[in-house]
Amino acid sequence: MDLHSLTREQLYDMVWQKPIVVLAPEFGVSDVAVKKRCKRLGVPTPSRGYWAKIEAGIRPHRTKLPDSIPAAVRRRKNPDSMVYFDVEGADYKLLRPHSFVATTKQATRGAKPDEKGIIHIYGSNIHLGVSVETLPRALWLIDHLLKWLERPGIRMELRDGYQGGLHLQFKDVDILVQIREAIREFPNPAYNPKLEFRILDRTPSKIYRCSGRLKIQVKSDYGYGREWIDKPTVPLDACIKQVADGIVAYLVELADAREQRRERERINAENSRLAWIKQREREAEEKRLRELEKLAGQFDLSKQVAQLAYEVERVIQGRGINPSEVESVDMWLRWARDRSSSLNPVQIVVTSLLSKTTND
């Protein structure tokens, strides 16, 4: 029996009757191959510990087989099975379009799709990245979006250059608005990696498909942003006003965040200034203390010198000698007293304080 010939129901019954490691040798493949086949067909497999519970006499829960292969599995492997997103019965004719939309529509004329089938519009236009089939709907969406965004306080501008595109401004906040189409990529079965370096072989390794699903993106200066994507039950056509409200809310959120950031910066700057002032005050106080300690040291030295001169004079007088009659003693005592007087900082401090009082 071939593993690939089994239906989903047959494979489901087998993997839940015996462990995959026991089932795989019956097909001549590895257990990894069986697991890949189950994943490709969307067949659930027993979790770890399931068979241990069976041996212990416990009846664990058995996952039910889905009715069909999950869309994510089906579309990832087969590009032809991917459903193109479209809104039935919609008319995307532009009636009195916005000037920015008219300028962008003019720029799309003659534009050629790239290898993925996408037309890219840049420069002083609304940035687009959509397929030819989705272009009318993209222009219609952006036109209605701009009309809903015409509100007090919001400025719209088309810019050129590196920062080109449609920009919305609220207070001092600026965001870029663009619309893109989701692209799906699949491995190309015709691609042979062994021929990758051959010059004549130009077979792409992947196949790209335009999904038809559009997404409106807004980006701030920091690269962050929001996006709104088509949903199967709620396309962007039905919620374009809600998208405009979301963009306005995002602008207000950015403006509030920037205002809070500036307030924090102002508070930090004020705290830094106050800390600098306190640091300067501490440094000035430390300098005054050092000067005061220096003056106190000079004052102590002055008193010690004066005390020394007094003791010398007292000892000489105790010997019955008049110090003034001995020239050497008299000269030394006068020199010591002069030195004590010069070291005494009291007069210097008093003079300095009185001069400051006079100036004030």
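Under 13 Å Cα to Cα from LYS241, which aspartates and glutamates show up? Leave out anything in the same chain fewer than 8 places away.
List returned: ASP143, GLU150.
Could you go through the stretch 163-179 in sequence order and give the Karplus-derived ³J(HN,Hα) for each residue, using 6.51 cos²θ - 1.76 cosθ + 1.60 with θ = phi - 60°, rounded to whole Hz, and x for Gly and Pro?
My calculation for the stretch 163-179 gives 9, x, x, 8, 10, 10, 10, 9, 6, 10, 9, 10, 10, 9, 10, 8, 10 Hz in order.
In sequence order, what are the phi-derived ³J(HN,Hα) couplings for the stretch 345-351 according to the Karplus relation 6.51 cos²θ - 1.76 cosθ + 1.60 with θ = phi - 60°, rounded to whole Hz, with x for glycine and proline?
For the stretch 345-351, the Karplus curve yields x, 4, 5, 5, 5, 4, 4 Hz.
What residue among LEU214, ASN125, TYR84 has its Cα farthest toward the positive end of the dipole of the chain, where the charges are +1 on Lys, Arg and -1 on Asp, Glu, each on the Cβ?
TYR84
Which of the peptides 306-312, 319-325 is most tightly packed, and how do the rest follow, going by the mean number of other Cβ atoms within 10 Å of each residue?
306-312, 319-325
Read through the labelled values (1) 4, 13, 14, 11, 11, 10, 7, 5, 5, 6, 6, 5, 3, 0, 0; (2) 5, 25, 34, 25, 9, 2, 0; (3) 5, 22, 26, 21, 15, 9, 3, 0 and report the label of the one computed as P(r) over Cα pairs in 10 Å bins from 0, in percent from the structure.
Checking each listed value against the structure points to (1).
Can you tell me the accessible area per residue over the stretch 13-164, all protein chains present, probe 1.4 angstrom, in square angstrom?
Ligands and nucleic acids excluded, the figure is 64 Å² per residue.
For the chain, what % of the accessible area comes from carbon and sulfur atoms, probe 1.4 Å? Can you show the working numbers first?
Details: 13020 of 24290 Å².
About 54 percent, which is the carbon plus sulfur part of the accessible surface.
Can you flag which of LYS36/LYS206; LYS105/LYS215; LYS36/LYS116; LYS147/LYS219 are past 23 Å Cα-Cα?
Those over the limit are LYS36/LYS116.
For a quick check of understanding: with a 1.4 angstrom probe and all protein chains in place, what accessible area in square angstrom does ASP256 have, to the nearest ten?
Near enough 70 Å² of accessible area.
Percent relative contact order of the chain, based on C-alpha pairs within less than 8 angstrom and at least six residues apart?
10
Averaged per residue, what accessible surface does the stretch 272-360 expose to a 1.4 Å probe, in Å²?
Working: 7390 Å² over 89 residues.
The answer is 83 Å² per residue.
The values are calculated or read from the model by the stated rules, or taken from the named source; none is laboratory data. Nothing here was measured: the structure is a model prediction, and the numbers come from that model. Positions of Cβ are generated from backbone atoms using ideal geometry, with glycine treated the same way; all protein chains shown enter the neighbour counts. Calculation scope for accessible area: heavy atoms of the full protein, side chains included, ligands and nucleic acids excluded. Shrake-Rupley method; radii C 1.70, N 1.55, O 1.52, S 1.80 Å.
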